[in-house]
Amino acid sequence: MLYNKEIETLALPKLRALQNERLTTLVHRLYEKVPFYKRQFDEAGITPMDIKRVEDLHKIPFTKKTDLRDNYPFDLFVVPQNEVLRIHASSGTTGKPTVVGYSRKDLDIFDEVVARSLVAAGARPGMKLHNAYGYGLFTGGLGMHGGATKLGMAVIPVSGGMTDRQLMILQDFKPEVMCCTPSYAQTLAEECKKRGIDTAELAVQYAILGAEPWTDTIRAQVEAGLNVNATNIYGLSEIIGPGVSQEDYEEKGSGSYIWEDHFYPEIVDRDTGEPLPYGEEGVLVFTTISKEAMPLLRYWTNDICSIYYDSAAKRTHIKMSAIKGRADDMLIVRGVNLFPSQVEVLIDEFEHFVPNYQLEVSREGTMDEVKVNIELSESLSNAIGVDGLSANEQVKQLIHDFRQKIKNNIGLSMDVNVQPFGKIPRSAGGKLSRVKDLRKLDSK
Ligand code: DLL
């Protein structure tokens with residue numbers, strides 16, 4: 001089943017025609033109504049007449065998160081205030097949050113793309129959705145809620161946290177579908193095991209995980225631990241929220257469909273901003289071609305991935321690879337570029353480590369030091385016991401091999417701190433940060 005077969009399988013020339021038509025209408029509206037965009041065009045020496053098709057987008061300057069902050073809270077809204085029906089905001093680590101507004105049409109688009117995503121993930125009308133994304137200013141909870149209602153599912157609005165209650169609901173209400181962050185799904189899987197909950201007795205079949213980067217090893221852990229089929233959902237509040245792209249449950253590993261009749265993607269070089277060909281990795285940039293209240297042109301997501309067409313796929317829309325990290329997550333350590341996901345991939349190669357880790361970066365004098373805090377598997381951890389860990393020969397060998405692997409693959413020497421199973425912070429419902437950069441704290 002596809003939610004909107006006509007659009008999801010639209011032939012590419014027709015999809016391009018639709019995108020071009022939406023884009024040209026949009027640039028005229030934004031130029032006339034939003035002073036920020038008029039300035040952007042004027043400064044670049046272009047007019048809306050220069051943008052006739054998506055191939056012309058490269059002429060337009062990027063819109064960045066700082067532009068949203070500079071226009072805080074409502075200066076990028078295009079419709080009158082009384083046509084704005086919802087406002088979300090994402091909390092920044094510093095300063096004011098990023099604010100986004102939705103008109104009725106935008107909320108309809110939001111419901112539509114989430115409904116498509118749910119179906120791609122395996123959900124069907126009549127099923128129940130255990131929605132453990134946070135409700136509130138975060139777009140996760142309400143976004144999934146609206147799409148599931150539109151699809152004809154019963155939504156259980158659990159929101160994040162309160163793990164006891166989550167497990168009770170999974171056992172008693174018997175939802176067939178659940179959604180939450182991948183790190184929280186790991187927490188739930190571990191808790192099931194700890195409490196002896198037989199997951200074969202749960203009804204849940206599909207888990208829709210996103211809002212933070214995750215890997216195939218985490219997928220395997222969650223799928224085994226909760227007895228589910230887990231797919232990736234991607235999105236960001238500036239573009240709409242969850243449902244910008246979604247992986248199909250029968251095409252796992254081949255990327256997530258971007259609903260490109262609404263969100264036109266580009267990949268650009270992170271340093272020069274030049275557009276890159278399909279398949280190359282760079283920064284993901286979106287133009288929201290159909291939105292009404294707060295459309296954005298060439299929004300610089302800061303997320304690193306590639307986009308490509310998959311001719312073997314069920315749908316015609318373009319796919320994106322898993323997010324490798326955020327451009328601003330990239331650590332520069334002794335001059336070497338380092339994404340946390342590069343370490344994560346190496347952890348996956350050690351069966352006695354679990355994919356729960358934290359990188360700690362500090363500065364000793366002028367030298368950057370990285371420490372990888374990593375957990376032992378539950379079985380080895382139990383076998384050795386907490387006290388004997390640092391003296392254990394097998395652990396010493398593991399540390400040696402892991403350090404060597406990091407050095408050979410990434411080119412950096414790192415300290416490795418092995419901890420017993422269960423010691424590294426887990427998600428309590430929201431997004432989890434894998435990096436503790438103590439250098440930033442020092443310099444504040
Ligand atoms: O995280 C929207 C969302 C909610 C997506 C629920 C999926 C599920 P923001 O809080 O604005 O919105 O954060 C957006 O989170 O730019 C990425 O860096 C990251 N992110 C979101 N989904 C994924 C994913 C929501 N599937 C930021 N994989 C984005 C990797 C993701 N990173």
> What does the convex hull of the Cα atoms come to per residue for the range 1-141, in Å³?
Replying inline: 148
>> I'd like the FRET efficiency for THR366 and ALA428, computed as 1/(1 + (r/R0)^6) with the beta carbon distance as r and R0 of 41 Å, rounded to 0.05.
In response: 0.65
> For the chain, what is the calculated [θ] at 222 nm in deg cm²/dmol (nearest 500), taking -39500 (n - 2.57) for each run of four or more DSSP H residues and dividing by its residue count?
Replying inline: -10000 deg cm²/dmol
> Compactness ratio of the range 354-395: Cα Rg over 2.2 N^0.38 Å, N = residue count?
Replying inline: 1.50
> Can you give the % of DSSP beta bridges in the chain that are antiparallel, to the nearest 5?
Replying inline: 65
> Along the Cα-to-Cβ line of ASP172, 7 Å from the Cα, sits a label point; which residues in the range 198-228 have backbone N less than 16 Å from it?
Replying inline: 202-203
>> If amide hydrogens are placed 1.01 Å from N in the peptide plane, which non-local residues have theirs closer than 5 Å to the one on LEU85?
In response: TYR102, SER103, ARG104
> Cα axis of helix 104-120 to longest principal axis of the chain: angle in degrees, 0 to 90, nearest 10?
Replying inline: 40
> Using the heavy atoms of the protein chains alone and a 1.4 angstrom probe, what is the accessible area of the range 45-103 per residue in square angstrom?
Replying inline: 52
> Relative contact order (percent) for the range 320-444, with alpha-carbon contacts under 8 angstrom and 6 or more residues of separation?
Replying inline: 28
> Assuming R0 = 25 Å, what is the FRET efficiency of LYS33 and ILE87, from their Cβ-Cβ distance, to the nearest 0.05?
Replying inline: 0.85
>> I want the local charge near SER254. Using Cβ-Cβ distances under 11 Å, sum +1 for each Lys or Arg and -1 for each Asp or Glu among the other residues.
In response: -2
>> With the crude spin-label approximation of a point 7 Å out along Cα→Cβ, what separation in nm comes out for THR25 versus LEU12?
In response: 2.5
> From the backbone phi of the range 280-287, what are the Karplus-calculated ³J(HN,Hα) couplings (6.51 cos²θ - 1.76 cosθ + 1.60, θ = phi - 60°) in whole Hz, Gly and Pro given as x?
Replying inline: 8, 8, x, 7, 7, 10, 10, 10
> Which residues' amide hydrogens lie under 5 Å from the amide hydrogen of ALA230, considering only partners 5 or more residues apart or on another chain, with H built in the peptide plane?
Replying inline: ALA207
> Cα-Cα pairs above 18 Å in the range 338-441: how many percent?
Replying inline: 48
>> I want to verify a result. In a Gaussian network model of the chain, Cα cutoff 10 Å, which of these has the top mean-square fluctuation: CYS192, CYS179, CYS305?
In response: CYS192
> What percent do you get for the relative contact order of the range 376-444 when only Cα pairs under 8 Å and 6+ apart count?
Replying inline: 34
>> Keeping every protein chain present and rolling a 1.4 Å probe, give me the accessible area per residue for the range 331-442 in Å².
In response: 51
> Expressed in nm to one decimal, what extension gain is obtained for the pair GLU191 and ASN382 from 0.36 nm per residue of sequence separation less their Cα-Cα distance?
Replying inline: 67.1 nm
> Can you give the extra length, in nm with one decimal, that the chain gains between ASP348 and HIS58 once fully stretched, where that is 0.36 nm per residue apart less the Cα-Cα distance?
Replying inline: 100.6 nm
> Which far-off residues, 5 or more places away or on another chain, put their amide H under 5 Å from the one on ALA154, with H placed in the peptide plane?
Replying inline: GLY126, MET127, LYS128, LEU129
>> Calculate the FRET efficiency for ARG165 and LYS105 from the Cβ-Cβ distance with a Förster distance of 41 Å, rounded to the nearest 0.05.
In response: 0.70
>> Over the range 45-182, what is the relative contact order in percent, taking alpha-carbon pairs closer than 8 angstrom and at least six residues apart?
In response: 20
>> Can you report the principal axis dimensions of the chain using only the alpha carbons, biggest first, rounded to whole angstrom?
In response: 71, 56, 41
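Full-extension gain between VAL336 and ASP401, please, as 0.36 nm times their residue separation minus the C-alpha to C-alpha distance.
Between VAL336 and ASP401, full extension yields an extra 21.3 nm.
The values are calculated or read from the model by the stated rules, or taken from the named source; none is laboratory data. All values derive from a computational prediction rather than experimental measurement. Neighbour counts run over all protein chains shown; Cβ positions are idealised from the backbone, glycine included. Protein only, heavy atoms only, side chains kept; ligands, DNA and RNA dropped before computing areas. Shrake-Rupley method; radii C 1.70, N 1.55, O 1.52, S 1.80 Å.
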